[in-house]
Structure formats: C-alpha cells, structure tokens
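The block underneath contains the structure these notes are about, expressed in structure tokens.
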Amino acid sequence: MNLLKAAFRSAAALALGKAIILFARFVTAPRALWLGIEPMPRQRVYFANHTSNGDFVLIWTVLPAALRNRTRPVAALDYWLTSPLRAFVGRDVFNAVLIDRRPEARTEDPSPRWQPRLTKGRR
C-alpha cells in the first residue's frame, strides 16, 4: 500500500508541477535570458530579489525540464509548512530544502541541511 501511495503522491506532484508551470507562464509570460551561458546540467546558483515566494516559481518555470528536475530551492520552512497544500508543493513538487528563518525556533544549525545538496544537486 505504501508503494501505491508513493506512486500516487509522485504522480500528483508531477501533475501539479505542470499546472503551476502553465499557470505561471500564462499569467506572467516569463522568459529566460541565457546571456553568456547555455542552460546546461551543471552546478549553478539561481537567485532572485526575493520580494515574494513567487520568485523561485518563475525561475523554475523557465528552466528546461532536465534542469528543472535537478534544481532545488532553499526556502522558508515557516512559509512552506503553514498548510498541507503548501507543504506538498514545497516538498513534493519543488523538492525544496526547507530552512527555518526564525533563529529562536531553531534547535540546530540549518547549514548541514543545504550544504550537501549543493554538491549533489537534486539527489
């Protein structure tokens, strides 16, 4: 039963990811400008001005599928875990590395959670 549940969760994440891409492209018409570089599967850091949680979504939607599957956001745990839907999107659709931004709520240093993923990519 767990295998069936995992397969359903994976299929739902894939379908929701595609829906997010279509919606973001329809509403905002984002485009990538690959100036001086090509979209290749190598280690990179993509960044945005972070005025909203939509910044990563727009970057994610313009990446080629092969890169999108390997790209992980380092995102705010206190935002992405506020509802079951956000938690599903953050963890299962975006495969986010969730970091608590509230130092008083942390019980450990968050850097060991994201540093290994910089060298491994999506794995």
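Table for the structure above
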| item | result |
| --- | --- |
| Kyte-Doolittle at least -0.5, axis length at least 27 Å by Cα - qualifying DSSP helices, the chain | 2-28 |
| Overall form of the stretch 69-113 per C-alpha gyration tensor (a/c, 1.5; a/b vs b/c) | oblate |
| Unit charges at the beta carbon, dipole of the chain: most positive-side option, PRO103, ALA75, ALA12 | ALA12 |
| Listed candidates (1) 0.91; (2) 1.00; (3) 0.97 - label of the one calculated as Rg/Rh (Cα atoms, Kirkwood Rh) | (3) |
| Assigned charges on the beta-carbon of Lys, Arg, Asp, Glu; the chain dipole about Cα centre (debye) | 440 debye |
| Value at 222 nm in deg cm²/dmol, rounded to 500, when DSSP H runs of n ≥ 4 in the chain each add -39,500 (n - 2.57) | -14000 deg cm²/dmol |
| Extended-chain gain in nm, criterion 0.36 nm per residue less alpha-carbon gap, TYR79 and LEU33 | 13.7 nm |
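Each value in this text was obtained by applying a stated rule to the coordinates, not by laboratory testing. Small disclaimer: the values here were computed from a predicted structure and weren't measured. Here the Cβ is made from the backbone with ideal geometry for all residues, glycine too, and neighbour counts use every protein chain on show.
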